[in-house]
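The values are calculated or read from the model by the stated rules, or taken from the named source; none is laboratory data. What you see is a predicted model; the values in this text were computed from it and never measured. Cβ placement follows ideal geometry from the backbone for every residue including glycine, while neighbour counts extend to all protein chains displayed.
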């Protein structure tokens, strides 16, 4: 039981680091997909997270690119295309 508590306490020290690293990887991945012109591969629900950005984690350029992709999808869907 004590070993389990110690592991949980030690994890707490790195919880913020892991969260920051996760956000950084998402930013890098998003930018790479934009650079390769593969933003259409990103799920619409994920794009909404980038656009709304309640936590203020993403820069304006990421928000704008995500909004462009969502707008393109909406335009295509309203015209009946895929």
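Filter the stretch 59-82 down to the residues that are in a loop (DSSP other than H, G, I, E, B) and surrounded by 10 or more Cβ atoms within 10 Å (Cβ to Cβ) and list them by number.
To start, the set of residues in the stretch 59-82 that are in a loop (DSSP other than H, G, I, E, B) comprises 59, 79-82.
59 - this is the single residue of the stretch 59-82 that is in a loop (DSSP other than H, G, I, E, B) and surrounded by 10 or more Cβ atoms within 10 Å (Cβ to Cβ).
Restricting to the stretch 22-58, count the residues that are outside any helix (DSSP H, G or I) and without any contact (Cβ under 8 Å) to a residue 24 or more places away in the chain.
Initial filter on the stretch 22-58 (outside any helix (DSSP H, G or I)): 36-38, 42-43, 53-58.
Add one more test, that the residue is without any contact (Cβ under 8 Å) to a residue 24 or more places away in the chain, and what stays is 36-38, 43, 53-56.
Result for the stretch 22-58: 8.
Does residue 35 fit the bill of being over 18 Å from residue 60 (Cα atoms) and either surrounded by fewer than 10 Cβ atoms within 10 Å (Cβ to Cβ) or at pLDDT below 65 (or both)? It would help to see each step written out before you state the result.
Numbers: over 18 Å from residue 60 (Cα atoms): no; either surrounded by fewer than 10 Cβ atoms within 10 Å (Cβ to Cβ) or at pLDDT below 65 (or both): yes.
The answer is no for residue 35.
Would you check which residues across the stretch 26-52 are more than 22 Å from residue 76 (Cβ to Cβ) and under 9 Å from the mean Cα position of the chain (by Cα) and list them?
Selection gives 26, 27, 29.
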